[in-house]
Every structure is written in structure tokens, then in C-alpha cells.
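The values are calculated or read from the model by the stated rules, or taken from the named source; none is laboratory data. Because the structure is a prediction, the values reported are computed rather than measured. Heads up, the Cβs are rebuilt from the backbone with ideal geometry, glycines too, and the neighbour counts pull from every protein chain shown. When the accessible area is computed, the model is the full protein with side chains, heavy atoms only, and any ligands, DNA or RNA have been set aside. Shrake-Rupley method; radii C 1.70, N 1.55, O 1.52, S 1.80 Å.
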Amino acid sequence: MKPLPPQVTIVEVGPRDGLQNEAAAIDTASKIALIESLAAAGHTRIEAGAFVSPKWVPQMADTEAVFAGLRRKADVRYSALVPNLAGLERATKAGVTDIALFASASETFSQRNINKSIADSLKDYAEVAKTALAANMRVRGYLSTAFGCPFEGDIDPARVVEVTEALFEMGVEEVAVSDTIGMAHPGQVTALLRLLAAAVPLRGIALHFHDTRGTALVNVYAALEEGVVVFDSAAGGLGGCPYAPGAAGNLATEDLLFMLDGLGISTGVDRRQVTAASRALEPQLGHPLPSRLLQAEAAKAR
Ligand code: HMG
Ligand code: MG
């Protein structure tokens with residue numbers, strides 16, 4: 001067995017990646033309550049919303065109101081997606097300090113998600129990153145479809161490395177290499193991470209898994225063996241991208257914590273409090289949350 005890192009950071013993306021894809025309208029107060037409970041559970045990084053076009057993603061239209069109502073904890077970084085300079089302006093007015101740009105390794109997905117080619121998006125993002133960095137914001141980059149695309153199928157790993165490098169060149173502090181519709185398997189994770197590590201600093205790589213095929217946890221394990229220490233997950237396993245057909249929920253934070261706690265890897269996040277936050281939200285969703293841990297606990301309680 002390879003040695004695993006003693007400590008990892010979880011980026012909680014449920015309030016953004018999770019809620020952006022829910023059919024039920026979740027009111028602003030419930031979003032704020034979810035984010036505050038997740039911060040109280042010990043999370044230090046929470047993606048709280050998206051300053052994207054409300055026509056494209058109506059579920060995120062109240063992101064200003066979410067930031068305005070949120071009692072922000074000093075030791076928590078609350079981030080938001082920003083697709084362009086208009087989004088950056090909204091984020092700045094809302095007092096946001098951490099933004100995330102979202103590029104793709106697949107040309108078709110880039111067009112469907114942001115209505116731009118990869119090259120055009122990188123040009124626009126460079127401008128957004130420059131302006132944000134000059135204003136002392138922290139900038140994260142996502143790289144969607146890094147392990148496969150719902151439209152194009154296999155993605156050339158060389159392309160993933162190339163776009164990751166382009167994101168770092170514009171000054172992002174971290175690239176979240178993302179399995180948009182949960183196609184990755186652990187062999188692929190190991191191989192891609194080794195390619196990436198030869199090109200960019202591995203400490204700047206986060207992994208963002210959706211759990212469509214049930215491989216998210218074993219993918220995290222493979223990444224831990226390669227030394228990755230930042231992972232995205234969503235409370236209850238909420239999630240999916242509205243522009244990626246077949247995207248199921250993100251890896252559930254509770255399930256990730258169950259594995260990391262068991263391995264003795266510290267995160268600073270309390271699993272029971274995350275579970276309680278998910279349960280508090282569940283009645284508003286109109287469907288059960290997919291987290292295996294939540295389901296196991298519900299079965300035990302019956
Ligand atoms: P467009 O239609 O090409 O843009 O959309 P446009 O510049 O022509 O603007 C059209 C209208 O939108 C205009 O309004 C603009 O003012 C407005 P109108 O004149 O028609 O009234 N607009 C905006 N309004 C508010 N905020 C803005 C903004 N920008 C323009 N920032 C655009 C281009 C990029 C805006 C659009 O495609 C968009 O918002 N896309 C976002 C899609 C999205 O949020 N997808 C989900 C997140 S990504 C994801 O989930 C993947 C991830 O989790 C990682 C993974 O798992 O792979 C991150
Ligand atoms: Mg996602």
C-alpha cells in the first residue's frame with residue numbers, strides 16, 4: 001500500500017454544483033441555511049453560487065442575495081463561478097473574494113456550456129483572471145470533461161494537460177480537474193495525474209468527481225496515492241451540470257468523509273453535522289439524496 005497524505009482539504013460544492021441542477025425552486029433562505037450549516041460543520045471552502053446568466057441557469061439567479069444574507073465566517077472561503085467580465089463585476093459588488101472560472105477540454109461541451117470555443121474562453125478568462133488578481137481575489141479554474149465528454153466521448157489527455165497549463169499561465173491558484181458526468185475510473189485517474197504532475201505543480205491540482213458510475217470514491221483513493229490533497233464534493237451527493245446530459249450528483253461529502261475518517265486522514269469537517277445539513281435540505285428537493293451514507297443511516301433508523 002502506498003502512503004496516503006495525512007490531511008486533505010474538501011471544497012464543498014453542493015450549494016452551487018448541487019443546487020444548480022435541482023428542478024425544485026430552493027429559496028434563498030434555505031440556501032443560506034445550508035451554507036451556514038456546512039461552514040459550522042468545519043468546511044473552510046464552500047462554493048456558494050454562480051454569477052452566470054440567469055437565463056442559462058435560473059437556479060443561481062439569487063447568488064447576490066445569497067452572499068448578501070450569508071453570515072460569513074472569517075476562516076471560510078466562499079467562492080462563486082464567474083463566466084465573464086459581467087460575472088466578475090457582479091461578484092465584486094457582492095464582496096466575493098474567491099472566484100472560479102470554468103473551461104473545458106472538449107470543444108462541444110465548451111460550446112454547450114458557455115457558448116464559446118475553448119480558445120475564445122481562455123482568451124476571455126485570461127482577462128477575467130487578470131482583473132480579479134489585480135483586485136486581490138483568489139482564482140480557481142475548473143477543467144470540465146477531463147475524463148470524457150457526454151458529446152465527444154474520449155478526451156485526449158494531452159488536451160487536458162494543455163488547457164490545465166493555460167489556466168495556470170493566467171494565474172489561477174488551483175485547477176479542479178473535473179469528471180463532469182462521472183466517467184472516470186481509477187486507472188485513468190492515475191495515468192492522467194502522472195501526466196499532469198510532469199507539467200504542472202501537483203499541489204495546485206484538485207479533483208472534482210461526479211458519481212454516476214459509482215467510481216468517485218475509488219478515484220479519490222487512486223488520487224490520494226498520487227499525492228492529491230484537495231477534493232470537491234457535495235453535501236448529500238447533490239449535483240450535476242444542466243448542460244451535461246447524464247451528469248449525476250457529485251461525490252457525496254458524507255461518503256467522502258466516511259472513507260477519509262476511516263483512513264485516519266484529517267479534514268476538519270464533522271461528518272455528523274454535514275449529514276444533518278443534508279437531511280435538513282432533503283424535504284425541499286422532492287427526491288431522496290443519493291449519498292450512500294445517508295441511505296444506510298435511514299435504513300438503520302427504520
Ligand atoms: P451568451 O448567451 O453567449 O452570452 O451566454 P451573451 O454575452 O451574448 O449574453 C446574453 C445575455 O446574458 C445578455 O442579456 C447578457 O447581459 C447576459 P440580454 O441582453 O439577453 O438581456 N449575461 C449575463 N447576465 C448575468 N451574469 C452574467 C452574464 N453574462 C451575460 N455573467 C454565458 C454566455 C457564458 C453568459 C452563458 O453561457 C452562461 O452563463 N453559461 C453558464 C452555464 C453554467 O453555469 N453551467 C453550469 C456550471 S459549469 C459546471 O457545472 C461544471 C463544473 O461543476 C465542473 C464539472 O463538473 O465539469 C464547474
Ligand atoms: Mg461539476
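Residue-wise test of (1) closer than 13 Å to Ile181 by Cβ; (2) within 14 Å of ligand 2 (Cβ to nearest atom).
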{"site": "Leu202", "(1), (2)": "no, no"}
{"site": "Phe209", "(1), (2)": "yes, yes"}
{"site": "Arg213", "(1), (2)": "yes, no"}
{"site": "Ala216", "(1), (2)": "yes, yes"}
{"site": "Ala222", "(1), (2)": "no, no"}
{"site": "Gly227", "(1), (2)": "no, no"}
{"site": "Val230", "(1), (2)": "no, no"}
{"site": "Gly236", "(1), (2)": "no, no"}
{"site": "Gly249", "(1), (2)": "yes, yes"}
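Just wondering, is there one or more residues in region 193-215 that are in contact with a Cys (Cβ under 6 Å, 6 or more places away or on another chain), buried (at least 20 other Cβ atoms within 10 Å of the Cβ) and assigned to a loop (DSSP other than H, G, I, E, B)? Show your work before the answer.
First pass over region 193-215, keeping only residues in contact with a Cys (Cβ under 6 Å, 6 or more places away or on another chain): none.
No, region 193-215 has no match at all.
Could you list all residues from region 140-167 that are surrounded by 23 or more Cβ atoms within 10 Å (Cβ to Cβ) and either part of a strand (DSSP E or B) or away from ligand 1 (no atom under 15 Å from the Cβ) (or both)?
Selection gives Arg140, Gly141, Tyr142, Leu143, Ser144, Cys149.
In region 170-192, what residues are away from ligand 2 (no atom under 16 Å from the Cβ), part of a loop (DSSP other than H, G, I, E, B) and open to solvent by less than 50 Å² (accessible area, probe 1.4 Å)?
Residues satisfying the conditions are Met170, Gly171, Val172.
Restricting to region 58-70, and then to whatever is touching a helix residue (DSSP H, G or I) at 6+ places or on another chain (Cβ under 6 Å) and open to solvent by 20 Å² or more (accessible area, probe 1.4 Å), can you tell me which residue is nearest to ligand 1 (Cβ to nearest atom)? So that I can check it myself, show each step before the final result.
Within region 58-70, the subset touching a helix residue (DSSP H, G or I) at 6+ places or on another chain (Cβ under 6 Å) is 59-60, 62, 65-66, 69-70.
Among the residues that remain, those that are also open to solvent by 20 Å² or more (accessible area, probe 1.4 Å) are: 59, 62, 65, 69.
Details: Gln59: 9, Asp62: 12, Ala65: 14, Gly69: 19 Å.
Filtering region 58-70 for residues that are touching a helix residue (DSSP H, G or I) at 6+ places or on another chain (Cβ under 6 Å) and open to solvent by 20 Å² or more (accessible area, probe 1.4 Å), the one nearest to ligand 1 (Cβ to nearest atom) comes out as Gln59.
Thr267: in contact with a helix residue (DSSP H, G or I) (Cβ under 7 Å, 6 or more places away or on another chain), β-branched (Val, Ile, Thr), closer than 25 Å to Pro186 by Cβ and away from ligand 1 (no atom under 16 Å from the Cβ), yes or no? Please lay out each step first, then the result.
On the way: in contact with a helix residue (DSSP H, G or I) (Cβ under 7 Å, 6 or more places away or on another chain): yes; β-branched (Val, Ile, Thr): yes; closer than 25 Å to Pro186 by Cβ: yes; away from ligand 1 (no atom under 16 Å from the Cβ): yes.
For Thr267, the condition - in contact with a helix residue (DSSP H, G or I) (Cβ under 7 Å, 6 or more places away or on another chain), β-branched (Val, Ile, Thr), closer than 25 Å to Pro186 by Cβ and away from ligand 1 (no atom under 16 Å from the Cβ) - is met.
Hey, could you check region 285-297 for residues that are assigned to a helix (DSSP H, G or I) and surrounded by 14 or more Cβ atoms within 10 Å (Cβ to Cβ) and say which is farthest from the chain's Cα centre (by Cα)? Spell out how you get there, then give the answer.
Here is the first cut: in region 285-297, the residues assigned to a helix (DSSP H, G or I) are 285, 292-297.
Then keep just the ones that are surrounded by 14 or more Cβ atoms within 10 Å (Cβ to Cβ); that gives 285, 292-295, 297.
On the way: Leu285: 20, Arg292: 19, Leu293: 20, Leu294: 20, Gln295: 22, Glu297: 25 Å.
If we take residues in region 285-297 being assigned to a helix (DSSP H, G or I) and surrounded by 14 or more Cβ atoms within 10 Å (Cβ to Cβ), then Glu297 is farthest from the chain's Cα centre (by Cα).
Taking Arg271 and the conditions (1) touching a Leu at 6+ places or on another chain (Cβ under 7 Å); (2) open to solvent by 40 Å² or more (accessible area, probe 1.4 Å); (3) within 16 Å of ligand 2 (Cβ to nearest atom), which numbered condition does it fall short on, given that it satisfies the others?
Of everything listed in (1) touching a Leu at 6+ places or on another chain (Cβ under 7 Å); (2) open to solvent by 40 Å² or more (accessible area, probe 1.4 Å); (3) within 16 Å of ligand 2 (Cβ to nearest atom), Arg271 misses just condition (3).
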